[in-house]
Amino acid sequence: MNRKIFTSVIALALWTTMAAQGLVSGHAASASANIIGHYGVPAKAHGSKVFTYFGRTGMGTLGEEAPAAYDCAIFVPAEYAGKQIDKVEFLLCNPSLLVAPKMWISSGLPVTAESADGICMDITSPISYLTDFTTVTLETPYTIPQGGCYVGYSFSIADASTADGKYPVITGPSGEPSVDGGHYLRASLTEPVWRNMYGTSFGNLTTTVTISGDYPDNGATVAAGFAAESRAIKGKGGKVALTVSGEGTTAVGSLDYTVTNTVTGRSYDMHADLSETPVEFATERIVELPVEAEEVSGTATMKIVINKVNGQPNPFTEKVSSQGSLLTLAAESKRKIVEEEFTSTSCGYCPRGITGMRLLKERYPDSFIGIAVHANMNKTDPMKITVYNNIAAQYGASLPSATLNRTSVIDPYYGSDVSYSQPMYITNDYEALLKVPVECSVDVTPSWDDSEYTKIKVNTDVTFQYNSASSSFALAYVVVADGLTGTAQNWYQSNNFANQTSFLSDANLREWVTSPVVVVDMVYNDVAIAGIGVTNGLKSAIKAPIVEGETQSHEYIIEMGSNKLLQDKSKLRVVAMLMNTKTGEIVNADEKALPYDGPSAIRNVREVACDVTEAARYTADGRLTDGKTAGLTIVRMSDGTTRKVIRK
């Protein structure tokens with residue numbers, strides 16, 4: 001699957017190419033800010049609830065790439081039985097292409113839209129997904145039956161000559177798997193029988209259903225599993241992340257709950273005050289609930305049951321318990337965060353990544369480790385590092401991009417803000433990671449191992465704060481250089497922010513607005529110039545068992561004698577990264593400067609451009625020549641520069 005992400009201040013567009021049983025994910029789908037939002041779908045009104053599988057984090061499209069008939073549906077579960085559907089909304093393609101569009105509701109997936117046993121009505125005023133949702137308001141609300149119901153829409157496409165005609169079904173991001181109930185589809189050419197798209201990569205449908213009825217004043221449900229692995233420290237306790245849904249008309253301002261160790265049976269009651277950021281009715285979000293540390297360090301399976309909401313008994317008996325793992329640590333370790341920023345000299349928007357990394361380093365000097373990973377884009381980047389190819393493909397498929405501890409792909413400046421409107425939102429992502437307790441400390445000591453300064457000896461100590469019979473850890477090393485520069489054109493930094501006055505209001509990016517389109521005198525810092533075990537780590541470095549308080553040491557020699565990116569030996573640092581081999585994430589890391597007191601620290605930067613060769617010769621009027629004839633010829637060099645030569 002190939003994915004590109006196109007962004008503006010208010011829109012996110014996704015392009016994917018994927019095929020499965022004749023269905024194809026199609027063209028880029030972009031939308032206005034009222035469709036794509038950072039905080040998901042809000043409740044519409046007091047006493048009514050919007051039910052949807054659409055997260056509003058992006059959009060995709062799919063279709064049969066030919067004239068066809070389509071039926072699309074979601075399932076409204078039985079828990080809403082007895083309540084009423086007042087309104088249905090969904091995204092449709094270009095209305096001029098739709099033939100006989102209908103909205104329907106049925107207790108089962110119907111043979112035709114007209115055979116739905118609940119409601120079937122014409123969609124008289126369809127709206128393009130580029131503008132807003134198409135809304136169908138029911139004159140007579142539909143009462144949801146005991147087994148739940150299917151809410152769908154049907155239409156035909158006669159003209160498939162355009163992208164909208166080829167891929168008329170609008171979904172959530174195609175790269176996100178569908179969930180059960182979120183997408184049922186029937187397409188006349190290749191899917192003539194209803195198909196549950198659960199588990200595919202076609203995304204959930206954009207359908208949203210407004211449900212009214214009698215809701216309790218106070219109530220909450222939780223997801224079945226913890227939102228993330230949770231940590232606690234002896235003597236301090238910890239927090240467990242749960243996805244909490246507000247099921248009562250009064251916002252969830254506090255929770256009382258019971259925590260139980262499923263193995264030992266140890267149980268205790270806790271209270272969480274959520275009044276500063278309550279969970280509103282008909283919304284859900286991740287909430288961190290305080291828990292105690294277990295008596296013995298290590299991983300334990302814990303169960304949390306929600307007993308009270310806002311001091312009142314929780315009226316719900318289903319979906320009130322959540323289970324997951326809690327890692328108890330004997331002591332706290334210093335946590336450091338690694339940002340791997342994927343960039344290129346020919347990437348015009350990558351300068352914001354340069355700014356983002358500089359600001360993080362300034363704001364978090366004791367915990368931030370920055371690694372700039374250069375790649376080719378429109379031209380060869382002289383700092384490209386091949387050992388990062390696999391990681392760059394995973395986290396840097398589109399530039400600029402970044403990852404913090406290899407947890408997810410984010411922007412190196414705007415972070416996880418998909419609206420690209422909050423400067424340095426990556427700070428929020430960084431601080432969220434920084435506050436998570438870490439299971440071990442990492443301490444690296446680099447030194448030159450020979451008198452010629454061609455080998456770096458790295459000694460790393462890792463001290464764990466819990467016991468485990470197994471080890472799922474590995475070490476990786478990266479040599480990072482500051483002060484890299486060159487005179488060839490491929491060292492010049494492209495700058496798409498030049499003269500873009502709309503960015504002048506952002507003080508952080510203002511320097512790039514006033515800089516030229518091509519910045520010639522660039523000096524690059526934090527550049528990865530060598531790496532060992534970057535993709536999967538050196539798995540033999542950390543051995544089982546893991547013993548609380550015990551230090552494991554590792555030594556490695558990094559060969560630098562033939563490294564073509566090495567310029568100034570006095571401006572090198574070595575990063576040691578402890579990786580989780582199961583998740584691929586970086587657990588903790590350390591970085592130290594490499595001491596150097598040898599001669600000729602600075603290598604002539606012109607050496608970097610010494611491979612420039614003649615590419616072609618042309619006469620003064622532009623004709624290709626072998627250069628053997630007398631007169632003026634123009635020589636084009638391999639780095640893109642030209643020279644004039646007069647042969648007598």
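The values are calculated or read from the model by the stated rules, or taken from the named source; none is laboratory data. Here the structure is a predicted model, which is why all the values come from computation and not from measurement. Here Cβ is always computed from backbone atoms with ideal geometry, including for glycine, and neighbour counts include all displayed protein chains. Note: areas computed on protein heavy atoms with side chains; ligands, DNA, RNA excluded. Shrake-Rupley method; radii C 1.70, N 1.55, O 1.52, S 1.80 Å.
Being open to solvent by 60 Å² or more (accessible area, probe 1.4 Å), part of a strand (DSSP E or B) and either touching a Lys or Arg at 6+ places or on another chain (Cβ under 7 Å) or among the acidic types (Asp, Glu) (or both) is the filter here; which residues of the stretch 541-596 pass it?
Within the stretch 541-596, Glu555, Glu559, Lys592, Ala593 qualify.
Per-residue answers, yes or no, for (1) surrounded by fewer than 21 Cβ atoms within 10 Å (Cβ to Cβ); (2) under 24 Å from Val534 (Cβ atoms):
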site: Gly396; (1), (2): no, yes
site: Ala402; (1), (2): no, yes
site: Tyr420; (1), (2): yes, no
site: Ala432; (1), (2): yes, no
site: Ser447; (1), (2): yes, yes
site: Glu452; (1), (2): yes, no
site: Asn459; (1), (2): yes, yes
site: Gln465; (1), (2): no, no
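Of the residues Tyr364, Tyr425, Tyr413, which is in contact with a Lys or Arg (Cβ under 8 Å, 6 or more places away or on another chain) and at pLDDT 95 or above?
Tyr413
Tell me which residues, restricted to the stretch 67-97, are within 33 Å of the chain's Cα centre (by Cα) and assigned to a loop (DSSP other than H, G, I, E, B).
Pro77, Leu91, Cys93, Asn94
Here is a yes/no grid of residues against (1) open to solvent by 20 Å² or more (accessible area, probe 1.4 Å); (2) charged (D, E, K, R); (3) in a helix (DSSP H, G or I):
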site	(1), (2), (3)
Asn428	yes, no, yes
Val438	no, no, no
Ser441	yes, no, no
Val444	no, no, no
Ser470	yes, no, no
Val480	no, no, no
Ser505	yes, no, no
Ala530	no, no, no
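Looking at the stretch 484-503 only, could you name the residues that are in a loop (DSSP other than H, G, I, E, B), open to solvent by less than 20 Å² (accessible area, probe 1.4 Å) and in contact with a Ser or Thr (Cβ under 9 Å, 6 or more places away or on another chain)?
Selection gives Ala488, Asn495, Phe497, Ala498.
Determine whether Met357 is aliphatic (A, V, I, L, M) and under 20 Å from Ser515 (Cα atoms).
Values: aliphatic (A, V, I, L, M): yes; under 20 Å from Ser515 (Cα atoms): yes.
Yes; evaluated as a whole, the condition is true for this residue.
Here are Arg363, Arg406: which of them is in contact with a helix residue (DSSP H, G or I) (Cβ under 8 Å, 6 or more places away or on another chain), charged (D, E, K, R) and either buried (at least 16 other Cβ atoms within 10 Å of the Cβ) or on the phi > 0 side of the Ramachandran plot (or both)?
Arg406
Scan the stretch 211-224 and tell me whether some residue there is at pLDDT below 95, within 20 Å of the chain's Cα centre (by Cα) and either buried (at least 23 other Cβ atoms within 10 Å of the Cβ) or within 30 Å of Ser297 (Cβ to Cβ) (or both).
So far as the stretch 211-224 goes, no, none of its residues is at pLDDT below 95, within 20 Å of the chain's Cα centre (by Cα) and either buried (at least 23 other Cβ atoms within 10 Å of the Cβ) or within 30 Å of Ser297 (Cβ to Cβ) (or both).
Has the stretch 372-387 got any residue that is under 21 Å from Pro423 (Cα atoms) and either surrounded by fewer than 22 Cβ atoms within 10 Å (Cβ to Cβ) or not acidic (Asp, Glu) (or both)?
Yes, the stretch 372-387 has at least one match.
Is it the case that Gly147 is open to solvent by 40 Å² or more (accessible area, probe 1.4 Å), small (Gly, Ala, Ser) and at pLDDT below 95? Can you show your working first?
Numbers: open to solvent by 40 Å² or more (accessible area, probe 1.4 Å): yes; small (Gly, Ala, Ser): yes; at pLDDT below 95: no.
The answer is no for Gly147.
Suppose we filter the stretch 283-335 for residues that are crowded, with 19+ Cβ neighbours inside 10 Å and among the basic types (Lys, Arg); how many remain?
Matching residues across the stretch 283-335 total 1.
Tell me, which residue of the stretch 199-222 that is hydroxyl-bearing (Ser, Thr, Tyr) and assigned to a strand (DSSP E or B) is farthest from Gly148 (Cα to Cα)? Full working, then the answer.
Let us first name the residues in the stretch 199-222 that are hydroxyl-bearing (Ser, Thr, Tyr), namely 200-201, 206-208, 210, 212, 215, 221.
When the remaining residues are screened for being assigned to a strand (DSSP E or B), the result is 208, 210, 212, 221.
Values: Thr208: 15, Thr210: 14, Ser212: 15, Thr221: 19 Å.
Only one residue tops the list, namely Thr221.
Sort out which residues of the stretch 113-134 are touching an Asp or Glu at 6+ places or on another chain (Cβ under 8 Å) and either open to solvent by 20 Å² or more (accessible area, probe 1.4 Å) or closer than 19 Å to Ala68 by Cα (or both), and write them in order of number.
Residues satisfying the conditions are Ala113, Cys120.
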